[in-house]
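Rule-based calculations on the coordinates, nothing more; no lab input. Model, not experiment: these values are computed from the prediction. Here the Cβ positions follow ideal geometry from the backbone for every residue, glycine too, while neighbour counts run over all protein chains shown.
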Amino acid sequence: MSYEIEKTEAEWRAQLSPEEYHVLREAGTERPFTGEYTDSKTVGVYGCRACGAELFSSETKFDSHCGWPSYYAPLAGDRVQYIEDTSLGMRRVEVRCARCGGHLGHVFEGEGYGTPTDQRYCINSVSLTLKPAE
Ligand SMILES: [Zn+2]
């Protein structure tokens, strides 16, 4: 797979904090209820912390009580990439930034949340940077 933004692992390590690197480049997961955006209500756009691509709007963020920032849709479908993930003995769909390939989290559907899509994009705070609306 090739991405618009391509860097070596050494370049990513230099740019990102150890936790950001672990999540974005090694598909790690931050501990639940620890991320800075879990309960954020700030109006704005969430961009990829690795490359700045605008990924999610605060308008689609909802209270999932799952411990991570949750959105019911990306800003545009082509901003993210979906990859089947069968690690941990579960079939899940990984969500990556389509511009740099950075790991964002997973998307789940049919959980019964009262949102327009019945999907939950469960995204790590450290994969995102919130740009508050002016
Ligand atoms: Zn990115």
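For the stretch 1-62, just say rounded, prolate or oblate: build the C-alpha gyration tensor, square-root its eigenvalues into a ≥ b ≥ c, call rounded for a/c under 1.5, and beyond that prolate if a/b exceeds b/c, oblate if not.
Oblate.
Which values of log₁₀ I(q)/I(0), to two decimal places, follow from the Debye formula for the chain at q = 0.12 Å⁻¹ with a uniform point scatterer at every Cα?
-0.42
What is the fewest-to-most order of F56, F33 by other Cβ atoms lying within 10 Å of their Cβ?
Placing the least packed residue first, the sequence is F33, F56.
Could you please report the charge total around G47, scoring K, R as +1 and D, E as -1 over all other residues with beta-carbon less than 12 angstrom from its beta-carbon?
Result for the local shell: +3.
Per residue of the stretch 22-38, in order, report the coupling 6.51 cos²θ - 1.76 cosθ + 1.60 (Karplus, θ = phi - 60°) as ³J(HN,Hα) in whole Hz, putting x for Gly and Pro.
Karplus-based 3J(HN,Hα) across the stretch 22-38 equals 4, 6, 6, 9, 10, 6, x, 9, 6, 5, x, 6, 10, x, 6, 10, 3 Hz.
If you average the sequence gap of Cα pairs under 8 Å that are 6 or more apart and divide by the length of the chain, what percent do you get for the contact order?
Computed over the chain, the figure is 29 percent.
Go ahead and collect, in residue order, the members of the stretch 19-46 whose backbone nitrogen is under 11 Å from a label point 7 Å along the Cα-Cβ direction of Y3.
The answer is 24-27, whose backbone nitrogens lie closer than 11 Å to the label point.
Please work through the chain and write down the cysteines that have no neighbouring cysteine Cβ at a distance under 4.7 Å.
Cys with no partner Cβ under 4.7 Å: C66, C122.
Apply the a/c threshold of 1.5 to the C-alpha gyration tensor of the stretch 74-134 and tell me whether it is rounded, prolate or oblate.
oblate
If you take every residue apart from V23 with its C-beta less than 15 Å away from the C-beta of V23, what net charge results, scoring Lys and Arg +1 and Asp and Glu -1?
Around V23, the surrounding residues sum to -3.
Given R₀ = 35 Å, FRET efficiency for D63-E84 by Cβ-Cβ distance, to 0.05?
Efficiency, from the Cβ-Cβ distance: 0.80.
Considering amide H positions built from the backbone, and no H for Pro or chain starts, which residues 5 or more places from F108, or on another chain, come under 5 Å of its amide H?
R120, Y121, C122
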